[in-house]
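Worksheet: the structure to be examined is printed underneath.
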Amino acid sequence: MVKNQPEQRGGVLGRSAPARRANRRLDPAEVPRDGGTPLVAIEGVSKAFGARETGLVALQDVNLSITDGEFISLVGPSGCGKSTLLKIVSGLLPASRGQVTLGGERIVSPRRDIGMMFQTATLFPWRTVKRNIMLPFDIARDKRTDREARVAEVIQLTGLDGFENNYPRELSGGMQQRVALCRLLVSNPRLMLLDEPFGALDEFTRERLNVELARISELERKTTIFVTHNITEAVFLSDRVVVMGTRPGRVLDIVDIELPRPRRAGVIATHEYSDRVGDVRRALGLV
Amino acid sequence: MSAVEDRALAPPELGDLFASEIRGESKLAAVAKQVLLTAGSAFLLLGIWEVLSRIDPAFWPQVILSKPTDIIPAFFKAITSGFVWENLWVTFQETIFGFAIGAAGGFLFGVLIAISRTFSRATYPIVILFQTTPRVALAPVFIAWFGFGMSSKVALAAAICFFPVLINTITGLAVVDENALLLMRSLKASKFQTFVHLRLLSAMPSIFAGLKSALTFALIGAVIAELLGSNEGMGQLIDAASFLLQMDDVFAYLMVLGLLGLALFLVVNLVEKKLVFWHSNWDEG
Ligand SMILES: Nc1ncnc2c1ncn2[C@@H]1O[C@H](COP(=O)(O)OP(=O)(O)OP(=O)(O)O)[C@@H](O)[C@H]1O
Ligand SMILES: [Mg+2]
């Protein structure tokens, strides 16, 4: 149904967000407050590395707008600029052209209300699980009194309770990524950027963490951009899958995923799910 | 890394068990094995030495070679005599002061080189130049400057200690996980915060590797300076005894020095295990 609606601003901008959000929300009382103004707007973003003539165009004219609470995946072959786009959105990397805004404000440098997570957990081995999760508070010199309570809350949320005082080396890769997710969630960011967060994990652990991520993102209603190589993972988690192509890195298509929420593991067995996986594969030119 | 994925199966205290679990033996058995094997090879070595020293007294001049059965009594005589302890105390102080000065200097210099490009450009080439010259050759210079007392020994020990700590501090601070740096940037950490929370701590294993060799070098430096010109210290004792061809005593003093070196090394090792507890070889001794 969303696909058949006329696009409001042309191109990939301004897709009908309210419908998607309504679909995503479980509680009718939670339906849109702002009529679907985008939280994040990526406008004409291009990125070139190196000298102008010999340089590599990592991204060309990327446009995307993301509403509050939306879960977006970026999929595409290696080198299509997914990580580059994420770094530009995070403010870690400047765009060569175009701009990204968050809540109408242009992103020019890293911000504390944007959280990032990488393929490696990147935990500090000298800090316990709990103190790793507290890192954002320590860096922000945030002396709020409910620090401990907030940490306990995210630990509970990710099923890490009992491991607060363990060191990262005592945890499996999957558990370490849970800690990284906690560190991201603890400061309650407006936007979460996840770059193949489960890419280095085995299939079983990844599936389990995907189910948990779906649950957590529905619970916390965090706007998320999720980078992955894994099509099924992207379809399972997302409201929209942004399909990217390479040379130059660009957006090829956007596939709406209107599977019911909450997403449970069972959704994988449905026809609609495999249809959307098929759509994404087609957009990638794989079939 | 053991899988603790399923927390229903894993009690919280599991982490503590991993170290010995991975090694596949109890701590006691490991220690016993180590002690027995070391003692065994030491005995073998001494046995060979003893046999060689008895083969043909005409061919192996006994006074010079000495033999374990004479050295061991000499060693016990040495460790029960007050003047050996006095001289050992002197050498110990020279080593520790030299180490403290050299290591602190190397560390501070290394930090400055790592954080300031200007400072690095100004000094690093000179540092490399000094590093490639053998610093023990400075011993006569220091003796000429600081005299026959302890200060010249402290100076040489410090000069030798300085470089391993410096180089290891620089490399440790230079090699930092890229993603960890990205994480700090995304958290808007200041340069100072990144240094304190990330770079310094991730450099600790490397810095400690430098400290360990520095401490051994400090002892070497102190003893060399004593050998070249001193009126006290273990080096001076060795020099005097070998001048009189009392080789049993020379070897006994060497053993005392060896034990001092070992004790110092074990102390640094212990401090390292406490301070850099997260480093991967913390349970390998
Ligand atoms: N700092 C850089 N300097 C030069 N080229 C870069 C830099 N960072 C990325 N690139 C290039 O830009 C292109 C896009 O890189 P990017 O890491 O964004 O791809 P990706 O889609 O994340 O790939 P992957 O799926 O392998 O992670 C690649 O060709 C890469 O070589
Ligand atoms: Mg990437």
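The values are calculated or read from the model by the stated rules, or taken from the named source; none is laboratory data. Predicted, not measured: the structure shown is a model, and the values here were computed from it. Don't worry about glycine lacking a Cβ; one is built from the backbone with ideal geometry, like all the others, and counts go over all protein chains shown.
Listed values, structure above:
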quantity: The stretch B:215-237, subset in contact with a Leu (Cβ under 7 Å, 6 or more places away or on another chain) and more than 14 Å from B:Ser151 (Cβ to Cβ), residue surrounded by the fewest Cβ atoms within 10 Å (Cβ to Cβ); calculated: B:Ile224
quantity: Selected residue [within 23 Å of A:Asp279 (Cα to Cα), among the hydroxyl-bearing types (Ser, Thr, Tyr) and within 16 Å of ligand 2 (Cβ to nearest atom)] from A:Ser65, A:Ser73; calculated: A:Ser73
quantity: Hits in the stretch A:117-133 (condition: touching a strand residue (DSSP E or B) at 6+ places or on another chain (Cβ under 9 Å) and polar (S, T, N, Q)); calculated: A:Gln119
quantity: Test for A:Arg215: is it surrounded by fewer than 17 Cβ atoms within 10 Å (Cβ to Cβ), within 16 Å of ligand 1 (Cβ to nearest atom), more than 14 Å from every other protein chain (Cβ to nearest Cβ) and within 28 Å of A:Ser65 (Cβ to Cβ); calculated: no
quantity: Which numbered condition A:Arg178 fails, given (1) surrounded by 22 or more Cβ atoms within 10 Å (Cβ to Cβ); (2) under 19 Å from A:Asp68 (Cα atoms); (3) among the charged types (D, E, K, R); calculated: (2)
quantity: Checking A:Gly199 against (1) more than 12 Å from chain B (Cβ to nearest Cβ); (2) surrounded by fewer than 22 Cβ atoms within 10 Å (Cβ to Cβ); (3) more than 23 Å from B:Glu178 (Cβ to Cβ); (4) in contact with a Ser or Thr (Cβ under 9 Å, 6 or more places away or on another chain), the condition it does not meet; calculated: (3)
quantity: Residue in the stretch A:34-53 that is at pLDDT 50 or above, in a strand (DSSP E or B) and in contact with a Phe, Trp or Tyr (Cβ under 6 Å, 6 or more places away or on another chain) present; calculated: no
quantity: Per-region count, the stretch A:95-116, residues out of contact with any strand residue (DSSP E or B) (no Cβ under 7 Å at 6 or more places or on another chain) and away from chain B (no Cβ under 14 Å); calculated: 2
quantity: Elements of type strands (runs of 3 or more DSSP E) in the stretch A:60-118, at least 3 residues being within 16 Å of ligand 1 (Cβ to nearest atom) and of a type outside the set (D, E, K, R); calculated: A:71-75
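So that you can scan it fast, the table gives a plain yes or no per residue for (1) over 30 Å from A:Glu164 (Cβ atoms); (2) at pLDDT below 85; (3) over 17 Å from the mean Cα position of the chain (by Cα):
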residue: A:Asn188; (1), (2), (3): no, no, no
residue: A:Met192; (1), (2), (3): no, no, no
residue: A:Leu213; (1), (2), (3): no, yes, no
residue: A:Leu219; (1), (2), (3): no, yes, no
residue: A:Thr224; (1), (2), (3): no, no, no
residue: A:Asn230; (1), (2), (3): yes, no, no
residue: A:Leu259; (1), (2), (3): yes, yes, yes
